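Student: Mind looking over this structure? Questions follow.
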2 protein chains.
Amino acid sequence: MNIGILGTGVVGQTIGSRLIELGHNVKMGSRTSNNANARAWMRAAKENASHGTFDEAAEFGEILFNCTSGKGSLSAIESIKTANLNNKVLVDVANPLDFSHGMPPVLTVCNYDSLGEQIQHERPLLRVVKALNTMNVDVMVHPERVSGQHDVFICGNDNDAKSLVTMMLIEWFGWETVIDLGDISNSRGMEMAVPLWISLNKKLGTNIFNFKVVK
Amino acid sequence: MNIGILGTGVVGQTIGSRLIELGHNVKMGSRTSNNANARAWMRAAKENASHGTFDEAAEFGEILFNCTSGKGSLSAIESIKTANLNNKVLVDVANPLDFSHGMPPVLTVCNYDSLGEQIQHERPLLRVVKALNTMNVDVMVHPERVSGQHDVFICGNDNDAKSLVTMMLIEWFGWETVIDLGDISNSRGMEMAVPLWISLNKKLGTNIFNFKVVK
């Protein structure tokens, strides 16, 4: 498939490389068409990788991944022509983290709203599925690096989009359990769980861990 | 031991009854000394149960549990004489939930601060240990009701207090793994995890579940 990645940081690069490894074509988008990260990633990925603006990546992708920093997500989305987003599935893995006050970061939006909801509100015909934001990027695309069973949460308003994302998570990345929390308002809880992840990260001294829901 | 419970709702009653079952003496405190919930609970609990004001419960207890509604926690603490709190260990199980806007509730404090921190700030010589706020009260005192391994988080500034609470959680309530996240600022992450719990509660249709951290 042709997949557009918004964002050129570690998350975008890691997901992009994994998708290429799985045989897909990936265009990485950034604010400018000449981003140094994107160029370096494209050279390393060799085949099936390209880069361009956010709008070009969105136009290219049948499915999109939002891997921008949470603070930059809305302006990235706003820079894309509506026609290149309408009816597309956007997997929103971003967290609205603000590191400007030092560690730990705070959320730029929470409690009454969330980044996932803001993106959905900004582009009503885009089919936003919040997913994969409650773990490190290496765990996102290699869940087997955490031993034993553990869970990935998703939410969104469009059931077909969630079915597609569930398939991708299971068939492509190797997830065993995908928990659909309901509509996009549940991204509030998914994003607000990140400060606990940050506390655990500091405590455990590793990025390679995840949550499991036990009944 | 003599234990003071602040709050007369389901959480206070359930923890209070479990402590009495374990052989402890419990005084339940409320805003007034003649609270109907507390009287009913005392009659049902029969022996070793008493009730009074927040201040009387705090004076009675060698260890205290904050089981007030999060919105009422600070005023409850403020109504207690400093001498009845200094050097005591307070297990803060409350969540700052505001249901006045309907479901799901929002947090009255989050992101830049937390209820656990506010209580610690209000009474610097009280040894606050945030614990047990990320699960239903039946799971708090009967972790075996969830099958398999799952975790309880604690945090606080005083290591001796955390050792005592860890002992209580393991020896008294039967927890297997207690994860100490560090100082009281980590109660921010513990409280902000509650909206995800609420989403999961709706999805799973049961209160009997919990998080496990998998490495």
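Student: Might you report the magnitude of the Cβ-based charge dipole of region A:23-90 about its Cα centre, with Lys and Arg at +1 and Asp and Glu at -1, to the nearest 20 debye? Let's see the in-between values first.
Tutor: Working: 8 positive and 6 negative charges, 48 e Å.
Its charge dipole is roughly 220 debye.
Student: With 23 Å as the limit, write out which pairs from B:Lys46/B:Lys130; A:Lys71/B:Lys71; A:Lys215/B:Lys202; A:Lys162/B:Lys202; A:Lys88/A:Lys162; A:Lys215/B:Lys27 have Cα-Cα distances beyond it, or answer none. Write out the running numbers ahead of the final one.
Tutor: On the way: B:Lys46/B:Lys130 29 Å; A:Lys71/B:Lys71 31 Å; A:Lys215/B:Lys202 14 Å; A:Lys162/B:Lys202 18 Å; A:Lys88/A:Lys162 12 Å; A:Lys215/B:Lys27 32 Å.
Those over the limit are B:Lys46/B:Lys130; A:Lys71/B:Lys71; A:Lys215/B:Lys27.
Student: Further, regarding this structure: Using a label position 7 Å from Cα in the Cα→Cβ direction, what is the ascending list of nm distances from B:Ala40 to the same site in the other copies?
Tutor: Here B:Ala40 shows inter-copy label distances of 6.5 nm.
Student: Another question, if that's okay. So which aspartates and glutamates pass the test for A:Lys212, namely a Cα distance under 19 Å, with those fewer than 8 places away in the same chain ruled out?
Tutor: Cross-link targets: A:Asp138, A:Glu144, A:Asp151, A:Glu176, A:Asp180, A:Glu191, B:Glu144, B:Asp151, B:Glu176, B:Asp180, B:Glu191.
Student: Counting every Cα pair in the protein assembly as shown, what percent are over 26 Å apart?
Tutor: Working: 52148 of 92235 pairs.
Looking at the protein assembly as shown, the distances longer than 26 Å represent 57 percent of pairs.
Student: Between A:Ile179 and residues 5 or more places away or on another chain, which pairs have amide H atoms under 5 Å apart, with H built 1.01 Å from N, and which residues are they?
Tutor: A:Val152, A:Phe153, A:Ile154
Student: Mind listing the long-range amide H neighbours of B:His51? Cut-off is under 5 Å, sequence gap 5 or more, other chains count too, H placed in the peptide plane at 1.01 Å from N.
Tutor: HN-HN under 5 Å from B:His51: B:Met28.
Student: So, one more: How much net charge surrounds B:Gly156 when only other residues with a Cβ under 12 Å from its Cβ are counted (Lys, Arg +1; Asp, Glu -1)? Write down the numbers at each step before the final one.
Tutor: Values: positive: B:Arg127, B:Lys130, B:Lys162; negative: B:Asp92, B:Glu117, B:Asp158, B:Asp160, B:Asp180, B:Asp183.
With Lys, Arg at +1 and Asp, Glu at -1, the net is -3.
Student: Please turn the phi angles of region B:126-131 into ³J(HN,Hα) values with the Karplus equation 6.51 cos²θ - 1.76 cosθ + 1.60 (θ = phi - 60°), one per residue in order, whole Hz, x for glycine and proline.
Tutor: Ordered by residue, 3J(HN,Hα) equals 6, 9, 7, 10, 6, 6 Hz.
Student: Considering the dipole of chain B built from charges on the beta carbon (Lys and Arg +1, Asp and Glu -1) around the Cα centre, which of B:Gly148, B:Ser100, B:Ser185 is farthest to its positive end?
Tutor: B:Ser100
Student: Same structure, new question: Provide Rg and Dmax in Å for region B:14-118, with only Cα atoms included in the calculation.
Tutor: 14.5, 43
Student: Quick one: label points 7 angstrom along Cα→Cβ at B:Phe99, distances to the other copies in nm, smallest first?
Tutor: Copy-to-copy label distances for B:Phe99: 4.0 nm.
Student: Using the beta-carbon distance between B:Trp172 and B:Asn37 and R0 = 22 Å, what value does 1/(1 + (r/R0)^6) give for FRET efficiency, to the nearest 0.05? List each step's numbers first, then the result.
Tutor: Details: r = 23 Å, r/R0 = 1.06.
Step by step, r from the Cβ atoms, then E = 0.40.
Student: How far, in nm to one decimal, is B:Lys81 from itself in the other copies if the label point is set 7 angstrom along Cα toward Cβ? Shortest first, please.
Tutor: List, nearest first: 7.6 nm.
Student: With a 1.4 Å probe, how much accessible area is buried between chains A and B, both sides summed, in Å² to the nearest hundred? Show your work: numbers first, answer last.
Tutor: Details: alone 10080 and 10070 Å², together 17180 Å².
Answer for the A-B pair: about 3000 Å² buried.
Student: Given charges of +1 on the Cβ of Lys and Arg and -1 on the Cβ of Asp and Glu, with all other atoms neutral, how large is the dipole of region A:117-179 about its Cα centre, in debye to the nearest 20?
Tutor: Numbers: 5 positive and 9 negative charges, 26 e Å.
Roughly 120 debye for region A:117-179.
Student: What percent do you get for the relative contact order of chain A when only Cα pairs under 8 Å and 6+ apart count? All intermediate terms of the calculation are to be shown ahead of the outcome.
Tutor: On the way: 443 pairs, mean separation 37.6, N = 215.
Relative contact order of chain A: 17 percent.
Student: Next up: Charges on Cβ only, +1 for Lys and Arg, -1 for Asp and Glu, centred on the Cα centroid of region B:5-76; of B:Asn34, B:His51, B:Ile20, which one is farthest towards the dipole's positive end?
Tutor: B:Asn34
Student: When the Kirkwood hydrodynamic radius is evaluated over all pairs of different C-alpha atoms of chain B, what value in angstrom, to one decimal, is obtained? Don't jump to the answer; show the numbers that get you there.
Tutor: Numbers: mean 1/r = 0.0584 Å⁻¹.
Evaluated over chain B, this radius sits at 17.1 Å.
Student: Taking every pair of distinct Cα atoms and averaging 1/r, then inverting, what Kirkwood hydrodynamic radius in Å comes out for region B:131-185?
Tutor: Details: mean 1/r = 0.0879 Å⁻¹.
This gives a value of 11.4 Å.
Student: Right, here's the next one. Based on DSSP H runs of at least 4 residues, each adding -39500 (n - 2.57), what is the mean residue ellipticity at 222 nm of chain B after dividing by all its residues, to the nearest 500 deg cm²/dmol? Don't jump to the answer; show the numbers that get you there.
Tutor: Working: 9 runs with 77 residues, N = 215.
Calculated mean residue ellipticity at 222 nm is -10000 deg cm²/dmol.
Student: A further question follows. Given the C-alpha centroids of region B:95-169 and region A:155-209, what is the distance between them in whole angstrom?
Tutor: 23 Å
Student: Could you compute the net charge surrounding A:Gly189? Neighbours are other residues with a C-beta less than 11 Å from the C-beta of A:Gly189; K and R count +1, D and E count -1. If you can, show how the numbers build up before the last one.
Tutor: On the way: positive: A:Lys130, A:Arg188, B:Lys202, B:Lys203; negative: A:Glu191.
Here the count lands on +3.
Student: Same structure again: If you consider only alpha-carbon coordinates, what radius of gyration and Dmax does region B:91-195 have, in Å?
Tutor: Calculated on Cα positions, Rg and Dmax stand at 13.8, 40 Å.
Student: Rounded to the nearest 20 Debye, what is the dipole magnitude of the protein assembly as shown about its Cα centre when Lys and Arg each give +1 and Asp and Glu each give -1 at the C-beta?
Tutor: Working: 38 positive and 44 negative charges, 9 e Å.
It works out to roughly 40 debye.
Student: What percentage of the solvent-accessible surface of chain B, computed with a 1.4 Å probe over protein heavy atoms, is contributed by carbon and sulfur atoms?
Tutor: Details: 4120 of 8590 Å².
That share works out to 48 percent.
Student: Okay, next question. At most 12 other C-beta atoms within 10 Å and a DSSP loop state: those are the exposed chymotrypsin sites (Phe, Trp or Tyr not before Pro) I care about. Give me the longest piece of chain A that has none. Numbers along the way, then the final one.
Tutor: Values: sites that count: A:Phe99, A:Tyr112.
Within chain A, the longest run free of exposed chymotrypsin sites (Phe, Trp or Tyr not before Pro) spans A:113-215.
Student: Could you tally the net charge around B:Leu204, taking each other residue with its Cβ under 15 Å from the Cβ of B:Leu204, Lys/Arg +1 and Asp/Glu -1? Write out the running numbers ahead of the final one.
Tutor: Details: positive: A:Lys212, A:Lys215, B:Arg145, B:Lys202, B:Lys203, B:Lys212; negative: A:Asp151, A:Asp180, B:Asp138.
Net charge around B:Leu204: +3.
Student: A further question follows. Could you give the spread of the C-alpha atoms of region B:11-56 along their three principal axes, from largest to smallest, in whole angstroms?
Tutor: Sorted largest first, the three principal extents are 27, 18, 18 Å.
The values are calculated or read from the model by the stated rules, or taken from the named source; none is laboratory data. What you are looking at is a predicted structure, and each value in this text was computed from that prediction instead of being measured. Please note: Cβ atoms are built from the backbone with ideal geometry, for glycine as well, and neighbour counts cover all protein chains shown. To get the accessible areas, we keep the full protein, side chains included, count just its heavy atoms, and leave off ligands, DNA and RNA. Shrake-Rupley method; radii C 1.70, N 1.55, O 1.52, S 1.80 Å.
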